[in-house]
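The values are calculated or read from the model by the stated rules, or taken from the named source; none is laboratory data. All of these numbers come straight from a predicted model, not from anything done at the bench. A quick note on method: Cβ atoms are made from the backbone with ideal geometry, for glycine too, and the neighbour counts reach across all protein chains shown.
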């Protein structure tokens, strides 16, 4: 395997006159061989203009309470289904959460002209708007989030600049919606609105086999606790019943969880809080 990887890298880096798309293909193959499966649990900042000349600083936008959905494309025909699904999901939030959830369509390696990316997006009914922007800039680097994809979709939100979703090639709409909901719940505005109803905390973090969730309630309430992984899939139903007013302790067994980051979603009435759970054994 070692020699195969060296050979692929040698082919990729040589000065052969290989078509741009073939270079991208070789890059994807090399990434799969090397097995770049891990990714940052927090976002990498970028400051650049979109294809219409608008200026963006990722961390500034996240700190303002925005949820950013990044979608890298080649662009190519294989990118269309997942890119369009992602766009449609983001669009669905514009009535309930206006100016909160944004779709950023990004050229994979920042070397496709904006005119070409615009043409591809328009042809596939991925419209440009106040919440849907297009970027061709190497500052937005998909390898900051692990392996490359056609397309690659990442959801980022909150003042901690957390990555809530990270997938390649295909998207499950319900999982993407869950990730966006978790990111919305973690923004400072929602947290402040919920603070008069209940508070939550985890200890210890990181967790080794078990952690304890503290839920402090103003009054007796029905409480639902669920755990999701970074691709928005529910991995555990922890609790769904009534808790007394004051401080309540719920033990969460993480023995069967893989190492990594998870999100504990706590619902009380129509309010939601989401906190990070790190499992490290």
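Of the residues that make up the range 196-216, is at least one closer than 30 Å to residue 82 by Cβ, at pLDDT below 90, exposed (fewer than 14 other Cβ atoms within 10 Å of the Cβ) and out of contact with any strand residue (DSSP E or B) (no Cβ under 9 Å at 6 or more places or on another chain)? Among the residues of the range 196-216, not one is closer than 30 Å to residue 82 by Cβ, at pLDDT below 90, exposed (fewer than 14 other Cβ atoms within 10 Å of the Cβ) and out of contact with any strand residue (DSSP E or B) (no Cβ under 9 Å at 6 or more places or on another chain), which makes the answer no.
Looking for whichever is surrounded by 19 or more Cβ atoms within 10 Å (Cβ to Cβ), touching a residue at least 40 places away in the same chain (Cβ under 8 Å) and in a loop (DSSP other than H, G, I, E, B) here; the options are 266, 230. Which one fits?
230
Can you say whether residue 223 is surrounded by 14 or more Cβ atoms within 10 Å (Cβ to Cβ), in the same structural domain as residue 267 (by TED's automatic domain parsing), at pLDDT 95 or above and touching a strand residue (DSSP E or B) at 6+ places or on another chain (Cβ under 8 Å), as far as the supplied structure shows? The answer is yes for residue 223. Take the range 233-250 and flag every residue that is over 22 Å from residue 158 (Cβ atoms) and in a loop (DSSP other than H, G, I, E, B). Selection gives 244, 245. Scanning the range 251-263 for residues that are in a strand (DSSP E or B) and either on the phi > 0 side of the Ramachandran plot or free of Cβ contacts under 8 Å to residues at least 60 places away in the same chain (or both) gives 251, 252, 253, 260, 262. With the condition kept exactly as written, say whether any residue in the range 256-265 is within 22 Å of residue 63 (Cα to Cα) and touching a helix residue (DSSP H, G or I) at 6+ places or on another chain (Cβ under 9 Å). Within the range 256-265, one or more residues are within 22 Å of residue 63 (Cα to Cα) and touching a helix residue (DSSP H, G or I) at 6+ places or on another chain (Cβ under 9 Å). How about the range 100-126: which of its residues are surrounded by 12 or more Cβ atoms within 10 Å (Cβ to Cβ), without any contact (Cβ under 8 Å) to a residue 40 or more places away in the chain and in a loop (DSSP other than H, G, I, E, B)? Those that are surrounded by 12 or more Cβ atoms within 10 Å (Cβ to Cβ), without any contact (Cβ under 8 Å) to a residue 40 or more places away in the chain and in a loop (DSSP other than H, G, I, E, B): 110, 112.
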